[in-house]
1. Given the structure, is residue C:110 assigned by TED's automatic domain parsing to the domain that holds residue C:177 and at pLDDT 80 or above?
2. So residue C:207 passes all but one of these: (1) on the phi > 0 side of the Ramachandran plot; (2) within 14 Å of the chain's Cα centre (by Cα). Which condition number does it fail?
3. If a residue has to be more than 10 Å from chain C (Cβ to nearest Cβ) and in contact (Cβ under 8 Å) with a residue 24 or more places away in the chain to count, how many in region B:26-48 make the cut?
4. Would you tally the residues in region C:184-198 being buried (at least 24 other Cβ atoms within 10 Å of the Cβ) and either away from chain B (no Cβ under 12 Å) or not in a helix (DSSP H, G or I) (or both)?
5. Considering each residue of region C:207-217, count those that are part of a helix (DSSP H, G or I) and surrounded by fewer than 22 Cβ atoms within 10 Å (Cβ to Cβ), and give that number.
6. Here are the criteria: (1) at pLDDT 85 or above; (2) under 20 Å from the mean Cα position of the chain (by Cα); (3) surrounded by fewer than 24 Cβ atoms within 10 Å (Cβ to Cβ). Tell me which single one residue B:74 does not satisfy.
7. Looking at (1) modelled with pLDDT under 80; (2) within 14 Å of chain C (Cβ to nearest Cβ); (3) crowded, with 16+ Cβ neighbours inside 10 Å; (4) within 22 Å of the chain's Cα centre (by Cα), can you tell me which one residue B:62 breaks?
8. Only one of (1) within 28 Å of residue A:68 (Cβ to Cβ); (2) within 14 Å of chain C (Cβ to nearest Cβ); (3) at pLDDT 85 or above; (4) within 17 Å of the chain's Cα centre (by Cα) fails for residue B:21. Which number is that?
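The values are calculated or read from the model by the stated rules, or taken from the named source; none is laboratory data. The model shown is predicted, which means the values in this text are computed figures rather than measured ones. Because the Cβ atoms are built from the backbone with ideal geometry, glycine has one as well, and the counts that use them run over all protein chains shown.
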């Protein structure tokens, strides 16, 4: 049995679901960010798998896409962590359950 | 690359990735969680190498391991009195698990059941050059937008995280007060009173 | 004049033979081909990796032992001391005695330490320390892995050291260890920026990200990069020595401020491993400076006669001496001075040179200027720019005259932290200064 695109896609799906669960269920804002990062990584893994096994046209564009996703992920983490800092400074907690000032 | 080496690499790296991700779920300490995240990211970088995407793999290590995880650790260290614990919310964990299970079944079914076809043998060579050229030629507009986005994120993050001198003084004073045991109250209560006062006012008037 | 053509033909005929010690790659290739004849090819690739690793460790292990002695002796000379001179002739066996002592020492761990994370760092820090050697070209074909993203690989791998240092400092559960770790992390993140920008000038100008490609570009154009981009070389030198936590920038283990920084709680051989990796990183950084800016294994045709790896080692030794020199001469800087120097001086200067490199590369490639004429002119322009930048920096950052007597400044500085913050909060104009003797 050779390792084909299905293996990578399954792995990506599993990683995505773990990240999704972490993002949905963690109390800590930084924990949620970790989950989001895992999800983005799973998507990247899927894209790179398509780049390797897909047709020649998609090979390059998927990798460019991955580069963009990594750049956006870096920006997202920077802003997200800055937000966590501001929330902490005002509320002395970064638990997403206790920042309910807007009664959301 | 023969089959044996490839199998060994794929399964061990896959185990590393999924194992690291699961340990984030399990571990109670946030700093442990970040370190497991790093392990997971390194596994993903290795998987990129098995897909012969060496540029992406190196960028993954550079950005995720060298920058993002360190940034997270910094944020954890800068929020010293927040909970370090990384536990799940019991109330939402059940429904979230259900949703995630459905998503998992759906995505895996698609991944395994679909006939993806088009399997190429040769990988791209000189990826760094190709990616660079296509970034400048075909994807110049997204590239520029990405640059603007990164600049905006940089400025925004600084603007958010920046502490005015007054803020810093107030914060330091409140910390000092807490250290001296005067204000050892639940921090949430410190912020909440206005609302509580409003509520009691309305009660009094009614 | 001696006629060397006959000798050259003899040397040329040995090219590619296993006993040709100018290129050790031949021997390794022979072994792997022999294994590939009878064994599976995954065994051959594993053996190739093991041979490369053994070669690297076989070179750096003994070198480190000697270097400990050399460094201590040279620094002692700079400071007008004798240095180690008791164990063995001229103190040569001192490193061995130190190693034996470290191995025999008890391994202590704080009770409140985070056990798993406390034990991992001395081992983990070896991984980037050895991986970096993999992309160093010792000769035209003598690198364990000649990646075409070699420069990025170098930066990525050296960036992971930060995480290990943080793990060590945090898990010790010691405030000095944590201070040291945070300082180390903040500093290496900051100094990574000028490092990347300095290497970017080379990548832009030579048009390749392969490290061997950069050396070959220098060989092809008959120029070494320190002449073309002196400021990048200087910036890279400073940034690298900051990343290494060596003395002008060793705030993360400043023994007069925070006991021993992130490895305060590590005793015995665990500390020894940190020390060894730090020394090994110093060596590899000098090797990379030699490779990027001094031409690496190439020296105007001498590499035809002398084994290329000896040329590289000599250049590495020269850069290493320079690193020892700065360590022995300069006093330790403060945290804010180091950060300020990085963000206010190094980053703008290296950015300027990235732009310069872009312009010059465009002139060479798109406009098709003749390299034999253009390169010297560019070198002169860049050297002039470098000197201008350094003079400007010296002018701007020269010590300002004190406006107040030194005593009052010091008294004002004593009221720091919470008291100052409170005073600002209660809107007093100035911290009350205590003038005169108490």
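1. Yes; evaluated as a whole, the condition is true for this residue.
2. (2)
3. So the count comes out to 11.
4. 3
5. Filtering region C:207-217 for residues part of a helix (DSSP H, G or I) gives C:211-217.
Checking the rest, the ones that are also surrounded by fewer than 22 Cβ atoms within 10 Å (Cβ to Cβ) come to C:213, C:216-217.
Selection size over region C:207-217: 3.
6. (1)
7. Unmet for residue B:62, out of (1) modelled with pLDDT under 80; (2) within 14 Å of chain C (Cβ to nearest Cβ); (3) crowded, with 16+ Cβ neighbours inside 10 Å; (4) within 22 Å of the chain's Cα centre (by Cα): (1).
8. For residue B:21, the exception is condition (2).
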